[in-house]
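Data first, discussion second: the structure below is written as structure tokens.
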Amino acid sequence: MERPHVLILGGTGEARRLGERLDADGRLRVTLSLAGRTAAPLPQAGTVRSGGFGGAEGLAAFLRAEGVHVLVDATHPFAARISENAASAAREAGVKLVALERPPWQPVEGDRWIEAKSVSQAASLLGERSKKVFLAIGRQELFPFVALPQHVYLVRSVDPVSADVLPGAKFVLERGPFDEAAERLLMEEHTIETVMAKNSGGAATYAKIAAARALKLPVVMVARPGGPRADAAETVDEAFSRVLHEAGLPPEKRGE
Ligand code: NAP
């Protein structure tokens with residue numbers, strides 16, 4: 001009998017781990033979709049496809065053509081467009097949708113967070129006085145900082161950024177997970193005064209927040225677009241169970 005087909009919209013560690021678990025379970029056919037932004041993505045389980053679908057309509061057409069039973073939105077909490085497309089495509093194609101989203105970080109004692117609603121607003125909160133700023137927000141949203149050349153920027157990203165994008169900035173290429181001691185060292189070496197972060201949640205990139213706390217540095221924390229999702233599974237385990245349920249499969253394989 002043909003196995004139910006699950007399509008995971010990925011680009012996160014959680015999507016990769018969910019794909020691995022479902023693929024190892026063996027009862028579903030797993031396809032993992034990447035946007036194609038990262039030049040050398042980590043290996044993923046199942047069949048991997050890369051690149052946009054052509055909006056919600058394109059995604060709905062893909063779901064129908066590929067006989068997808070369950071769609072998993074395990075994209076990054078800041079990837080708002082693909083999540084909207086996933087919701088409307090699943091509705092249109094009559095496919096079950098499971099969302100997987102890690103909860104946002106919450107400030108703890110000793111944190112000096114300055115909350116911002118967007119990267120643009122976060123940039124405007126840096127103020128007039130020249131500061132050394134660690135931009136740990138990826139490489140796609142550097143534009144607001146171009147208009148603020150009084151600051152000295154350290155930009156970290158997985159893939160290289162053309163120096164023209166943010167003239168005068170220093171760049172480090174590194175992929176998480178990150179370690180707190182190494183983050184402290186990086187901030188100390190570059191005499192960082194402010195950290196700019198997106199509230200991504202999860203353990204892989206939390207080290208910079210802990211390091212900033214230890215060094216008593218302020219963190220300009222950008223909130224998620226649209227806020228946290230109430231309907232989402234928060235862990236890979238929970239999403240795994242929900243996918244099996246939506247695919248009409250029992251939680252454990254028979255005979256185990
Ligand atoms: P976005 O603005 O929500 O999506 C823009 C377009 O990229 C979508 O409309 C879609 O194109 C395509 N796309 C996005 N994710 C896709 C996927 N998993 N498979 C196929 N197509 C996809 O997304 P973004 O913020 O640019 O992020 C792009 C990818 O990087 C996402 O997969 C996300 O999980 C990952 N990521 C994002 C961030 C972040 O901070 N935004 C951080 C880490 C990882 P079509 O409309 O043509 O289908």
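Residues of the range 89-119 that are among the hydrophobic types (A, V, I, L, M, F, W, C) and within 30 Å of GLU57 (Cβ to Cβ): ALA89, ALA90, ALA93, VAL95, LEU97, VAL98, ALA99, LEU100, VAL119.
Go through ALA56, ALA35 for me and flag whichever is free of Cβ contacts under 8 Å to residues at least 60 places away in the same chain, under 22 Å from PRO160 (Cα atoms) and aliphatic (A, V, I, L, M). The unique qualifying residue is ALA35. Within the range 178-211, being in contact (Cβ under 8 Å) with a residue 40 or more places away in the chain, open to solvent by 20 Å² or more (accessible area, probe 1.4 Å) and under 22 Å from the mean Cα position of the chain (by Cα) holds for LYS198, GLY202, ALA204, THR205, TYR206. Filtering the range 126-174 to residues that are touching a residue at least 60 places away in the same chain (Cβ under 8 Å) and surrounded by 14 or more Cβ atoms within 10 Å (Cβ to Cβ) leaves LEU126, LYS131, LYS132, VAL133, PHE134, LEU135, ALA136, ILE137, GLY138, VAL158. Identify, please: which residue in the range 1-23 is in contact (Cβ under 8 Å) with a residue 40 or more places away in the chain and among the aliphatic types (A, V, I, L, M) and is, among those, nearest to the ligand (Cβ to nearest atom)? For the range 1-23, the residue satisfying everything is LEU9.
Say whether the condition of being over 17 Å from GLY138 (Cβ atoms), near the ligand (Cβ under 10 Å from one of its atoms) and in contact with a Ser or Thr (Cβ under 6 Å, 6 or more places away or on another chain) is met by at least one residue in the range 24-31. Within the range 24-31, not a single residue is over 17 Å from GLY138 (Cβ atoms), near the ligand (Cβ under 10 Å from one of its atoms) and in contact with a Ser or Thr (Cβ under 6 Å, 6 or more places away or on another chain). Would you be able to say whether some residue in the range 36-43 is of a type in the set (Val, Ile, Thr), under 29 Å from ASP159 (Cα atoms), near the ligand (Cβ under 10 Å from one of its atoms) and in contact with a Leu (Cβ under 7 Å, 6 or more places away or on another chain)? Taking every residue of the range 36-43 in turn, none turns out to be of a type in the set (Val, Ile, Thr), under 29 Å from ASP159 (Cα atoms), near the ligand (Cβ under 10 Å from one of its atoms) and in contact with a Leu (Cβ under 7 Å, 6 or more places away or on another chain). For the subset of the range 47-67 comprising residues that are charged (D, E, K, R) and outside any strand (DSSP E or B), which member is least open to solvent (accessible area, probe 1.4 Å)? Taking the candidates together, the pick is GLU66. Within the range 1-33, work out how many residues are over 16 Å from GLU238 (Cα atoms), part of a strand (DSSP E or B) and open to solvent by less than 20 Å² (accessible area, probe 1.4 Å). Residues flagged as over 16 Å from GLU238 (Cα atoms), part of a strand (DSSP E or B) and open to solvent by less than 20 Å² (accessible area, probe 1.4 Å) within the range 1-33 amount to 7. The condition of being under 19 Å from the mean Cα position of the chain (by Cα), closer than 20 Å to GLU246 by Cα and not β-branched (Val, Ile, Thr) holds for only one of SER118, SER88, SER83, that being SER83.
Residue check: GLY52 meets all listed conditions (1) more than 27 Å from PHE178 (Cα to Cα); (2) more than 14 Å from the ligand (Cβ to nearest atom) but one, namely (2). Whenever a residue of the range 104-115 is open to solvent by less than 40 Å² (accessible area, probe 1.4 Å), its partners that are of a type in the set (D, E, K, R), lying with C-beta atoms within less than 8 angstrom and at least six residues away or across chains, give the pairs PRO104/ARG224; ASP111/ARG213. The residues of the range 129-140 that are under 24 Å from the mean Cα position of the chain (by Cα) and modelled with pLDDT of 95 or more, listed by number, are VAL133, PHE134, LEU135, ALA136, ILE137.
The values are calculated or read from the model by the stated rules, or taken from the named source; none is laboratory data. Quick caveat: nothing in here was measured; it's all calculated off a predicted structure. Don't worry about glycine lacking a Cβ; one is built from the backbone with ideal geometry, like all the others, and counts go over all protein chains shown. For accessibility, only protein heavy atoms count, side chains too; no ligands or nucleic acids. Shrake-Rupley method; radii C 1.70, N 1.55, O 1.52, S 1.80 Å.
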